[in-house]
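The values are calculated or read from the model by the stated rules, or taken from the named source; none is laboratory data. In this text, all values refer to a predicted model and were calculated from it rather than measured experimentally. Cβ coordinates were reconstructed from backbone atoms using ideal geometry, including for glycine residues, and neighbour counts include every protein chain displayed. Heads up: the accessible areas ignore ligands, DNA and RNA and are worked out on the full protein's heavy atoms, side chains in. Shrake-Rupley method; radii C 1.70, N 1.55, O 1.52, S 1.80 Å.
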Amino acid sequence: MVVDIINPYAVAVTQFDEAAERLGLSRSMRNILRAPKRELIVNFPVRLDNGDVQMYTGYRVQHNINRGPAKGGIRFSPEVSLDEVRALAMWMTWKCAVVDIPFGGAKGGVICDPHQMSRGELERLSRRYATEISILMGPNSDIPAPDMNTNPQIMAWMMDTYSMHQGYSVPATITGKPLAIGGSEGRLDATARGVQVVTKAAMRHLDMTPENSSVVIQGFGNVGGITARLLHESGCKVIGLSDISGGVYNPRGIDVPMAMRFSREHGSLRGLPGTEPVTNRELLELPCDILIPAALENQLTKENAGRVQARLVVEAANGPTNVEGDRILNENGIMVVPDILANAGGVTVSYFEWVQDLQHFFWSENEINQRLEAIMTRAFNAVMAKAVAQDTHLRMGAYLLAVSRVAEATELRGIYP
Ligand code: NAD
């Protein structure tokens with residue numbers, strides 16, 4: 001793993017500042033858009049199975065809600081920090097604006113290690129955290145979703161907790177729920193499907209064809225695993241995969257459905273037949289056409305970006321490239337499809353789930369996938385057009401588009417009072 005001790009909020013603000021400068025935003029507008037609107041810190045007790053009571057700290061940050069209710073996932077991890085949640089909330093604001101869905105940005109997290117907790121402890125933690133942040137939550141105010149180490153079951157507990165407080169069911173207050181209680185068809189695959197749409201669009205732009213394109217993917221979870229499957233189905237040759245236990249490599253191509261079965265049965269990709277092991281660090285530097293970081297932040301940095309051999313990097317994870325890494329990739333002429341565009345498929349289908357819950361009227365998987373493809377294609381084309389018109393790279397194109405949309409909404413609404 002590549003470790004770079006860089007504050008993700010500093011990265012997010014630096015990216016914003018560059019876009020604001022280029023857009024010529026006024027000092028007042030920059031100050032408004034730089035600052036998170038609300039930051040809630042909660043310290044709360046959870047009873048453990050052995051009878052002890054443990055205190056936990058959680059956060060919910062709303063960055064900007066001028067374009068609509070706050071939207072963003074909840075992360076359970078020992079590494080959660082207020083600055084990480086702030087950064088992720090700001091990225092959510094830009095992500096919703098880039099795909100032009102009517103939400104503002106938010107994020108939440110609890111400092112905990114869910115792998116060390118029983119199901120009962122996890123349920124009590126989830127319900128108590130939902131209670132603590134319920135002063136912000138609501139279908140018109142703040143709509144959480146899953147993120148790292150949270151899942152549809154946890155969303156179900158949180159939806160139930162919020163609904164118990166209201167006295168009636170409020171499915172539209174959280175997305176990523178199981179289908180049986182107002183979840184959406186296609187939600188599980190949505191982020192990866194969006195990654196597939198923008199990858200294929202970028203490939204067309206670079207005159208790359210699936211049959212002549214090799215792909216390396218870091219991370220084999222919800223996003224990385226399904227992206228691998230979809231690109232494999234599209235005819236690309238997936239040659240490298242990894243999870244937290246390390247990477248596997250076969251330059252002739254990996255049988256992705258077999259890798260998925262193997263990972264399910266053995267708990268990791270380690271020892272996948274027909275592959276040679278590589279470290280996660282080596283994986284990022286393998287000879288390939290397309291590199292897809294789909295695990296965690298700060299993976300492409302000044303330490304290794306110069307050795308990336310791919311022509312195209314698609315950021316399925318949030319914040320996988322830091323500012324220095326990004327500069328090096330750009331200097332080397334590598335096209336980078338930025339996270340706020342590449343992984344926006346998840347929030348887009350969350351938006352569909354919210355709309356369906358509010359209308360109590362549900363769409364078929366086919367309708368979901370078609371609408372998702374239309375929105376992701378429209379967003380990719382708009383970002384590409386902006387980047388070409390401004391003679392810049394796709395990340396700046398995406399930021400220029402997103403920040404100008406949020407700035408316009410802020411300008412139109414004016415300053416209260
Ligand atoms: P996940 O927990 O399902 O999977 C994460 C994967 O990364 C696992 O395979 C894990 O083994 C691997 N991993 C963890 N640490 C690693 C390391 N040090 N080196 C290599 N691999 C490592 O998570 P996910 O939902 O797939 O999310 C992955 C990324 O995508 C995150 O950055 C997340 O914020 C982002 N994202 C997810 C969604 C979504 O809908 N799930 C939407 C937008 C963005």
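Quick look at the values:
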read-out: Residue match in segment 106-113 (condition: closer than 13 Å to Met158 by Cβ and not in a helix (DSSP H, G or I)); value: yes
read-out: Those residues of segment 158-180 which are among the aromatic types (Phe, Trp, Tyr) and crowded, with 21+ Cβ neighbours inside 10 Å, in sequence order; value: Tyr162
read-out: Members of segment 257-287 that are open to solvent by less than 30 Å² (accessible area, probe 1.4 Å), in a loop (DSSP other than H, G, I, E, B) and farther than 19 Å from Ser213 by Cα; value: Ser268, Leu269, Leu272
read-out: Extreme residue, farthest from Arg193 (Cα to Cα), among residues of segment 315-332 that are at pLDDT below 95 and surrounded by fewer than 21 Cβ atoms within 10 Å (Cβ to Cβ); value: Glu324
read-out: Lone qualifier among Tyr9, Tyr56 - being closer than 16 Å to Pro320 by Cα and aromatic (Phe, Trp, Tyr); value: Tyr9
read-out: In segment 58-78, the residues that are over 19 Å from Asp142 (Cβ atoms) and part of a strand (DSSP E or B); value: Ser77
read-out: Among residues of segment 288-314, those that are part of a loop (DSSP other than H, G, I, E, B) and open to solvent by less than 70 Å² (accessible area, probe 1.4 Å), counted; value: 12
read-out: Scope segment 371-392; condition farther than 27 Å from Val355 by Cβ, surrounded by fewer than 17 Cβ atoms within 10 Å (Cβ to Cβ) and touching a helix residue (DSSP H, G or I) at 6+ places or on another chain (Cβ under 7 Å); matching residues; value: Gln390
read-out: Residue in segment 124-146 that is at pLDDT below 95 and within 16 Å of the ligand (Cβ to nearest atom) present; value: yes
read-out: Residue that is modelled with the lowest pLDDT, among those in segment 188-209 that are outside any loop (DSSP other than H, G, I, E, B) and open to solvent by 40 Å² or more (accessible area, probe 1.4 Å); value: Leu188
read-out: Whichever residue in segment 232-256 is away from the ligand (no atom under 15 Å from the Cβ) and in a helix (DSSP H, G or I) and, among such residues, is surrounded by the most Cβ atoms within 10 Å (Cβ to Cβ); value: His232
